[in-house]
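Nothing in this text is a laboratory measurement; each read-out follows from the coordinates by a stated rule. All values derive from a computational prediction rather than experimental measurement. Cβ placement follows ideal geometry from the backbone for every residue including glycine, while neighbour counts extend to all protein chains displayed.
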Amino acid sequence: MSPEPKGINVHELLAMKERGERIVCLTCYDALFARLLDESGVDILLVGDSVNEVLAGAESTLSATLEQMIYHTRIVRRGTSRALVVCDLPFLSYQISREEAIRNAGRAMAETGCHAVKLEGGKPMAQTVRALVDVGIPVMGHLGLTPQSVHALGGHRVQGRDEKTAERLKEDAKALEDAGAFAIVLELVPAPLASQITKSLTIPTIGIGAGPACDGQVLVLHDMLGLNDKFAAKFVKRYAALAEDVREAVRLYAAEVREGRYPGPEHSFPK
Ligand code: KIV
């Protein structure tokens, strides 16, 4: 028998919450960045359906396909040895029926080697979460601004600002926990509400635009690296300015090629 792989698993994430240790999560879409993030100690690599916007240039996540998610998750998994890899289930791959949810989430697990899947929605998705958990598929929930419902929600708005929607979010979180989800992403939720939800659950919350009290944080990698410098939501902190670094490097390369300064003798083969 091969030894148990040494890496983050869903039980370790629960233990981290119990110990009060913050969970570090970033989105990741390829093997190269997966290796860099894994080596830097990121706990969860989320292969988000945001790949459809960030890399494929689409306007929303709605047109992401299961094939696309399987491809990106498989290559992320190749670059990962410690982090937990989560595959985002795309729009309509889990909402139609529990059978389809099991078939599609099962494909994602079997064909990519990921450790868990993520899906959006609260109470209405609880039975689907339970069905997946019952066949051995760990599920991460996603509440608040759920991008697959962006049009129904009227845009990228903070969720849970009034009492009624705040109550609903609390109930949704409890329903996902009761259904067996191992963690919940809280996106664009007022910090005090995210704090209340976090305290009310035994499973960790992973915040994005949900304040500092969540058990962990997630950002879109290309936003926090400043690779996408067109627009940044209020909650994004840029830890680097790579878009400008890329432009500068490419301008220098282009100038050297045009002026015949690259390649130099040190880059050439005399024989
Ligand atoms: O698709 C994604 O990248 C996500 C995160 C922003 C949470 O769902």
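In deg cm²/dmol and to the nearest 500, what is the mean residue ellipticity at 222 nm of the chain if only DSSP H runs of at least 4 residues count, each as -39500 (n - 2.57), divided by the residue total? About -12000 deg cm²/dmol. For V185, nonlocal amide neighbours, meaning residues 5 or more places apart or on other chains whose placed amide H falls under 5 Å from its own, are G141, H142, L143, I206. If you take every residue apart from G122 with its C-beta less than 12 Å away from the C-beta of G122, what net charge results, scoring Lys and Arg +1 and Asp and Glu -1? Combined, the nearby Lys, Arg, Asp and Glu give -2. Gain on full extension, evaluated as 0.36 nm per residue between S60 and K199 minus their Cα-Cα distance, stands at 46.9 nm. Counting neighbouring Cβ atoms within 10 Å and putting the fewest first, the residues S63, S50, S40 line up as S40, S63, S50. Packing here is the average count of other Cβ atoms within 10 Å per residue, and on that basis the peptides 189-199, 162-172, highest first, run 189-199, 162-172. Kindly list the residues of region 176-200 that lie in the label zone of K164, defined by a backbone N under 14 Å from the point 7 Å along the Cα-to-C-beta vector. Correct set: none at all.
If I model a spin label at F269 and E18 as a point 7 Å from the Cα along the Cα→Cβ vector, what separation in nanometres do I get? The answer from the label model is 5.9 nm. With the simple model of a label 7 Å out from the Cα in the direction of the Cβ, V150 to S97 spans 3.1 nm. Checking the a/c ratio against 1.5 first, then a/b against b/c, what shape does the Cα gyration tensor give for region 111-190? Prolate.
Counted by Cβ distance under 12 Å from S81, the other residues give a net charge of +3, where Lys and Arg count +1 and Asp and Glu count -1. Remark: region 96-112, residue by residue, has Karplus-estimated 3J(HN,Hα) of 6, 7, 5, 4, 5, 4, 5, 4, 6, 5, x, 4, 4, 5, 6, 8, 10 Hz, where x stands for each Gly or Pro and the curve is 6.51 cos²θ - 1.76 cosθ + 1.60 at θ = phi - 60°.
The share of alpha-carbon pairs in the chain lying farther apart than 36 Å comes to 17%. Cβ crowding within 10 Å ranks M224, M140 as M224, M140, fewest other Cβ atoms first.
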